[in-house]
4 protein chains.
Amino acid sequence: MMIVMRQGATEDEIAHVIGRIEAAGAQAHPSRGEFVTVIGAIGDDREMIAGLSLEGEAGVEKVVPILKPYKLVSREFHSEDAVLEIRGRKIGGDNFCLIAGPCTVETREQTLVTARAMKEAGAAMLRGGAFKPRTSPYSFQGLGEPALEILVEAREETGLPIVTEVMTVAQIPAVLEVADVVQVGARNTQNFDLLRELGQAGIPVLLKRGMATTIEELLLSAEYIAAEGNEKIILCERGIRTFENATRSTLDLSAVPVVKQKSRLPMIVDPSHAMGTRDLILPMARAAVVAGADGLIVEAHPSPETALCDGPQAIYVDQMNAWVADVRRCVDLMGKVMAGGEPAEVGV
Amino acid sequence: MMIVMRQGATEDEIAHVIGRIEAAGAQAHPSRGEFVTVIGAIGDDREMIAGLSLEGEAGVEKVVPILKPYKLVSREFHSEDAVLEIRGRKIGGDNFCLIAGPCTVETREQTLVTARAMKEAGAAMLRGGAFKPRTSPYSFQGLGEPALEILVEAREETGLPIVTEVMTVAQIPAVLEVADVVQVGARNTQNFDLLRELGQAGIPVLLKRGMATTIEELLLSAEYIAAEGNEKIILCERGIRTFENATRSTLDLSAVPVVKQKSRLPMIVDPSHAMGTRDLILPMARAAVVAGADGLIVEAHPSPETALCDGPQAIYVDQMNAWVADVRRCVDLMGKVMAGGEPAEVGV
Amino acid sequence: MMIVMRQGATEDEIAHVIGRIEAAGAQAHPSRGEFVTVIGAIGDDREMIAGLSLEGEAGVEKVVPILKPYKLVSREFHSEDAVLEIRGRKIGGDNFCLIAGPCTVETREQTLVTARAMKEAGAAMLRGGAFKPRTSPYSFQGLGEPALEILVEAREETGLPIVTEVMTVAQIPAVLEVADVVQVGARNTQNFDLLRELGQAGIPVLLKRGMATTIEELLLSAEYIAAEGNEKIILCERGIRTFENATRSTLDLSAVPVVKQKSRLPMIVDPSHAMGTRDLILPMARAAVVAGADGLIVEAHPSPETALCDGPQAIYVDQMNAWVADVRRCVDLMGKVMAGGEPAEVGV
Amino acid sequence: MMIVMRQGATEDEIAHVIGRIEAAGAQAHPSRGEFVTVIGAIGDDREMIAGLSLEGEAGVEKVVPILKPYKLVSREFHSEDAVLEIRGRKIGGDNFCLIAGPCTVETREQTLVTARAMKEAGAAMLRGGAFKPRTSPYSFQGLGEPALEILVEAREETGLPIVTEVMTVAQIPAVLEVADVVQVGARNTQNFDLLRELGQAGIPVLLKRGMATTIEELLLSAEYIAAEGNEKIILCERGIRTFENATRSTLDLSAVPVVKQKSRLPMIVDPSHAMGTRDLILPMARAAVVAGADGLIVEAHPSPETALCDGPQAIYVDQMNAWVADVRRCVDLMGKVMAGGEPAEVGV
């Protein structure tokens, strides 16, 4: 941690800051420049920053942290890529994992039709929402627990592991009984109690980046889960909020290589929610793959125009084979292996 | 709801959209322009938009909602300002409500000293955090339930009603036992289950705007609470996330007059969290008052440099009298009455 | 300047960075921590950062500048508030300067009617656009040079100094002949050639903050003007671009106290362009005053509904007396004196 | 254009709006809903919106434009992809155009060495800055006209067409004498006079998106050029400004498919400026290609650590062959042909 003093800070102010650093058990190394003095505090930033409030001290211009604020999920702590395995499907390293399915479980029929098509197209896992966070209280909020039973039936038939969202601590027990991967949505990236509980549950967690969450904050949220002993974490970029409104969110694909530098955790991309309209999803899916993503999560529906949620961004189920074939060429180019069974033959 | 068709949309596409609108029980009014056709759908937008996914239909360029998506909290629904009363303190209308206290309850002593000073300075309510959402798992997370007992003691001594944050549904019962107003923080603005539960609890809710929440979304979150029968809602602007990093967040004071146009709910401002440093809080507090805010929520500490959380933005307890006196001049100018007892005499 | 080395940087990498700092004529002070090494470079950051590219060196994690990148416009360089005087109207220090007038000079009649009303209401200067930057090539682009003659006539009649925008270097000679203050608009904040030319011209410059300009960048743009020997600079906050679209831009009023800390230059606020609709301007104008602004620039029109540009945000000329009277109460509260003549008597 | 009236708008207000629409020569079609009235105005939005200011009229809630505000550059106006040809290099359609070279021309030697390497690696054009817009007045501002002569020498030797930036109208004559493509930088995207002059000059223009420019505004800026009769326009995404600071800007790759839907103009991507550090450029370059970009513009330097500008983001000249070979695989995958000569053989 470096403490930059204001131009004109007094000797007393400098001495007081040094005293506080030393009282906290760290070493203080002042450097006196022509204009300003900078005090290096040698010790563990993470503890020191939590403990001292030096920004508020007289004469202090700013405090610059040196060490990264997260540790367990950092590349420095574990240098090799983490590889998770979920019912035989690998994610991370040289594996590419496609997660696909309905935004929301609406009916048994719609879910099973979609699940079979996803399996056939080459998806490794099935996504499907039972509990849906909706901006308006007047929108469809998901079927709830009955949806979980439908997902289990889909898994039994197709063998695809289930990824489903949990919105609250209270939903965890029901979701844990059926889910293979628990998704934390963009509005819950900093729902710290939820993260802690999922850390203790020990289940694989798909952690989405929030609309106003920095990459550093996303890694800190992952650290919440890891700090409870659960390092089975998959990060997910799904778009951030910016001034541009031609798309629903701005997909920050650079988050993928940035996270890869800073952390060993796998990172996937959700182009469906970021774009909001069907035609834009394929180009962004391809882009995500060659930017280095470890997978994709996308939405499909047999008849999107009647979907109860996010229909405009759902891929038509009967176009999924061709869609996956297109994306797969990028996966091949990256030298990665698609997790899961063999895809259907497609005449591309 | 208006459906704007693409330039070159076919008659079949237009007829199909009209058919879907009518099948949903609404009336369709097409207007054929020189370049494009626009179809007006007459009915209740809130239900129609929840039910149809016309953005995804062939030939549709965009869908423009006409009615506001919220209803109960809208100015159209109730035209008069809502005025809440909490242990005799009013908020809304011509009343101005200052909520002040520690960011976090750290010790009994620190809380009582602060509470007495807030009372003396003229605050109407006492804020104080028992449960703290923190970006890093290594930061102090609040004392939890013991803090609630300290807050009760502070209320008993000073008479100030208590405002304290609830982060999860599980914390609600404990918090309800002591709180007069329950605060929903910026990371939970769209924690819809929490909102629903607080709606059912019927307790006054201080709902903060999230860092990436639009004003419309904030009102929709309030609608979640109101839809459960609880209209005792106080909105709070606390800064949004932008590219500017000279301040912790960008305080969007224009949200105050915008909300006043659209809703009858009272709205207060939290300049402490938005600014992040002490010196900037007073000018922004004054600005909030004359922009029309119904109150302020600010943080104070006897020795901010040793605070366990957000020390750099805490006002010194012994400077609070002068601070409030400055703000009060703006309250007077707006012709509002400060809720709560008489302030201390200050030589300004 | 501090150079933070990566965790695991080699001794050779550290020695190479030290060598490059010393070769540039600065002193290098390495601090070796448990995890990382930080190298302080003692010298003038502004020259060093311009000359070295240490971020790209092997083993370097990041480079942290210590000194502010601007100098002439900084509070450290001159600690006292700058006060400009323009035809007897003061701006800065204890003076409050209201600049008002039409967005655009449309006709002689419209301009003179407006100018008289602004004078009567108590404005200190007259604004009016001759050259207008418009997002669309199909929008009215201003009358050009004939508008300048109309502004001169308005000044002759009312005595109000003229503030008018210059968009290009080529327009400077014509504008210099008539303008008392030259405005640089939000799209030209970083038009460095224009800034340099205005620096050389020596005329007072009203420099607006761009929609994506940080406060630090705004001060660096001011430094461009000052570096040519012209310190007659007035800064102006007019809203930044964020995700919120309830208002045209998000007015960042905290820029006012932030700039006051960092610089001695006067700063005014343009609530008209930030809000985009008439009803929101007065509350934000009041807020700007008590946040510490040295003035306001606002738009007025005799019949806004027929204005050729930005009509929805123009104040009705015949409501200007009451409008100014409301704002003046905030000016009085701040203990400032309104520059310019006596206002009309208003029954408020 | 649709005019949405407020709930409770009077018949007089509605009639007044209808009258103003008809007076402007358009047809008014009111639709009266249960809650609000919407008035369709049939005519050319672009002229009507330029002429009326209905947002300011009593009883008007909002005005919704229906037609796109640009015309000449729209996909509706010309449905086929535009293909430009510059000294035999094609851009647009099935062609992929790599533009590479130094950020800034520093010396004859550095420029020639870089130009030869770019040619060898397979670039189609040479970039190089003579005039540099720099945030700080203390940074290197470019060599100016002498740099143009060096670029000409590089073109004579390598045959690569020259892309170079013009910052002001005054620089146009000198730049036009040597440039094959004139670049308009991100700070000048809305420098409308510059755009108009380049429109009249008739030279190919590489128009970068500004840091706060929406896609619609970018297309309107292109319309400024096209309206002068010059449709030789190449658009360029180079990152927008958001809250994320792990990268220099946030590269909005979704702008590529969005622009492809709305316009026939070619669009390229500049990953160098968006990322700001070398390691992140290759993944984002690959991503840009498969998102559908018509080309890339990147920076290279023989010894980036001594570069006078933006060294940390320059690719090492001697790594360029491998770099291009990697990107070329994505170009092949998209079925596009790299414009320009044969690349060097690379052992990948």
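The values are calculated or read from the model by the stated rules, or taken from the named source; none is laboratory data. All values derive from a computational prediction rather than experimental measurement. Neighbour counts run over all protein chains shown; Cβ positions are idealised from the backbone, glycine included. The protein model used for the area step is the full one, side chains on, heavy atoms only, and it has no ligands, DNA or RNA in it. Shrake-Rupley method; radii C 1.70, N 1.55, O 1.52, S 1.80 Å.
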Across region A:229-246, the tally of residues that are within 12 Å of A:Val182 (Cβ to Cβ) and open to solvent by less than 40 Å² (accessible area, probe 1.4 Å) stands at 3
Subset of region B:29-46, residues more than 20 Å from D:Gly43 (Cα to Cα) and open to solvent by 20 Å² or more (accessible area, probe 1.4 Å), comes to B:Ile42, B:Gly43, B:Asp44, B:Arg46
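Which one is least open to solvent (accessible area, probe 1.4 Å) among residues in region A:114-132 that are outside any strand (DSSP E or B) and within 14 Å of chain B (Cβ to nearest Cβ)?
Of the residues in region A:114-132, the ones outside any strand (DSSP E or B) are A:114-124, A:128, A:130-132.
Filter again for within 14 Å of chain B (Cβ to nearest Cβ), leaving A:130-132.
Working: A:Ala130: 0, A:Phe131: 30, A:Lys132: 15 Å².
Restricting to residues being outside any strand (DSSP E or B) and within 14 Å of chain B (Cβ to nearest Cβ), the top hit is A:Ala130.
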Going through (1) open to solvent by 20 Å² or more (accessible area, probe 1.4 Å); (2) over 30 Å from C:Ala117 (Cβ atoms); (3) more than 10 Å from every other protein chain (Cβ to nearest Cβ); (4) β-branched (Val, Ile, Thr) one by one, C:Ile21 fails only at (1)
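Here is a yes/no grid of residues against (1) within 27 Å of A:Ser249 (Cβ to Cβ); (2) not polar (S, T, N, Q):
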| residue | (1), (2) |
| --- | --- |
| A:Ala174 | no, yes |
| A:Glu177 | no, yes |
| A:Gln183 | yes, no |
| A:Asn188 | yes, no |
| A:Asn191 | yes, no |
| A:Leu195 | yes, yes |
| A:Leu198 | yes, yes |
| A:Ala201 | no, yes |
The lone condition C:Thr135 fails out of (1) surrounded by fewer than 24 Cβ atoms within 10 Å (Cβ to Cβ); (2) in a helix (DSSP H, G or I) is (2)
A careful count of residues in region C:217-230 that are of a type in the set (Gly, Ala, Ser) and either facing another protein chain (nearest Cβ under 9 Å) or in contact with a Lys or Arg (Cβ under 8 Å, 6 or more places away or on another chain) (or both) gives 3
Checked pairs for region A:320-334, first buried (at least 19 other Cβ atoms within 10 Å of the Cβ), second not in a helix (DSSP H, G or I) and not hydrophobic (A, V, I, L, M, F, W, C), C-beta under 6 Å and 6 or more apart or across chains, list as A:Val324/A:Gly122
Going through region D:308-319 in order, the residues found to be more than 14 Å from chain C (Cβ to nearest Cβ) and free of Cβ contacts under 8 Å to residues at least 60 places away in the same chain are none
Would you call A:Val73 under 25 Å from A:Arg264 (Cα atoms) and within 13 Å of chain B (Cβ to nearest Cβ)? yes
Subset of region A:231-255, residues touching a Leu at 6+ places or on another chain (Cβ under 9 Å) and more than 7 Å from chain D (Cβ to nearest Cβ), comes to A:Glu231, A:Lys232, A:Ile233, A:Ile234, A:Leu235, A:Cys236, A:Glu237, A:Arg238, A:Gly239, A:Ala255
Check your understanding: Somewhere in region B:138-146, is a residue more than 14 Å from chain A (Cβ to nearest Cβ), more than 26 Å from A:Ile172 (Cα to Cα) and of a type outside the set (S, T, N, Q)?
Key -> yes
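Look at B:Pro257 and say whether it is in contact with a strand residue (DSSP E or B) (Cβ under 9 Å, 6 or more places away or on another chain), at pLDDT 95 or above and not aliphatic (A, V, I, L, M). Step through it out loud before you land on a result.
Working: in contact with a strand residue (DSSP E or B) (Cβ under 9 Å, 6 or more places away or on another chain): no; at pLDDT 95 or above: yes; not aliphatic (A, V, I, L, M): yes.
No; evaluated as a whole, the condition is false for this residue.
Per-residue answers, yes or no, for (1) modelled with pLDDT of 90 or more; (2) closer than 22 Å to C:Lys262 by Cβ:
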| site | (1), (2) |
| --- | --- |
| C:Arg6 | no, no |
| C:Ala23 | no, no |
| C:Gly33 | no, no |
| C:Ala58 | no, no |
| C:Glu61 | no, no |
| C:Ile66 | no, yes |
| C:Pro69 | no, yes |
| C:Ala82 | yes, yes |
The lone condition B:Glu345 fails out of (1) open to solvent by 30 Å² or more (accessible area, probe 1.4 Å); (2) modelled with pLDDT of 95 or more; (3) farther than 28 Å from B:Ser139 by Cα; (4) not aromatic (Phe, Trp, Tyr) is (2)
The one condition C:Val175 fails out of (1) within 12 Å of the chain's Cα centre (by Cα); (2) more than 30 Å from B:Glu216 (Cα to Cα); (3) among the hydrophobic types (A, V, I, L, M, F, W, C) is (1)
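From B:Asp270, B:Asp294, B:Asp279, which residue is free of Cβ contacts under 8 Å to residues at least 12 places away in the same chain and either within 25 Å of B:Pro312 (Cα to Cα) or open to solvent by less than 10 Å² (accessible area, probe 1.4 Å) (or both)?
Details: B:Asp270 fails: free of Cβ contacts under 8 Å to residues at least 12 places away in the same chain; B:Asp294 fails: free of Cβ contacts under 8 Å to residues at least 12 places away in the same chain.
None of the other options fit; the residue is B:Asp279.
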Just one listed residue, out of C:Gly199, C:Gly159, is within 13 Å of chain D (Cβ to nearest Cβ), small (Gly, Ala, Ser) and in contact (Cβ under 8 Å) with a residue 24 or more places away in the chain, and it is C:Gly199
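For region A:297-306, how many residues meet the condition of being buried (at least 24 other Cβ atoms within 10 Å of the Cβ) and either touching a His at 6+ places or on another chain (Cβ under 8 Å) or not aliphatic (A, V, I, L, M) (or both)?
Residues that pass the stated criteria total 2.
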Per the list (1) in contact with a Leu (Cβ under 6 Å, 6 or more places away or on another chain); (2) outside any helix (DSSP H, G or I); (3) of a type outside the set (Gly, Ala, Ser), residue check on C:Lys90 breaks on (1)
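For residues in region D:47-104 being among the polar types (S, T, N, Q) and over 30 Å from D:Arg6 (Cα atoms), which is surrounded by the most Cβ atoms within 10 Å (Cβ to Cβ)?
Residues of region D:47-104 among the polar types (S, T, N, Q): D:53, D:74, D:79, D:95, D:104.
Restricting the remaining residues to those that are over 30 Å from D:Arg6 (Cα atoms) gives D:74, D:79, D:95, D:104.
Numbers: D:Ser74: 21, D:Ser79: 9, D:Asn95: 22, D:Thr104: 26.
Among those residues, the one meeting the criterion is D:Thr104.
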Condition set farther than 16 Å from C:Val63 by Cα and touching a residue at least 12 places away in the same chain (Cβ under 8 Å), scope region C:25-36, selection nearest to the other protein chains (Cβ to nearest Cβ): answer is C:Phe35
If we ask which residues in region A:84-111 are under 17 Å from the mean Cα position of the chain (by Cα) and closer than 18 Å to A:Pro257 by Cα, their number turns out to be 5
Quick count over region A:277-307, residues being facing another protein chain (nearest Cβ under 8 Å) and within 30 Å of B:Ile18 (Cβ to Cβ), is 8
- Task: Output yes when any residue across region B:295-309 is in contact with a helix residue (DSSP H, G or I) (Cβ under 7 Å, 6 or more places away or on another chain) and among the hydroxyl-bearing types (Ser, Thr, Tyr), and no when none is.
- Result: no
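Here's the yes/no breakdown for (1) in the same structural domain as C:Ile268 (by TED's automatic domain parsing); (2) farther than 30 Å from A:Glu244 by Cα; (3) touching a Leu at 6+ places or on another chain (Cβ under 9 Å):
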{"position": "C:Glu156", "(1), (2), (3)": "yes, yes, no"}
{"position": "C:Gly159", "(1), (2), (3)": "yes, yes, no"}
{"position": "C:Val169", "(1), (2), (3)": "yes, yes, yes"}
{"position": "C:Asp193", "(1), (2), (3)": "yes, no, no"}
{"position": "C:Gly229", "(1), (2), (3)": "yes, yes, no"}
C:Gly144: passes all of (1) surrounded by 19 or more Cβ atoms within 10 Å (Cβ to Cβ); (2) of a type outside the set (Val, Ile, Thr); (3) modelled with pLDDT under 95 but (1)
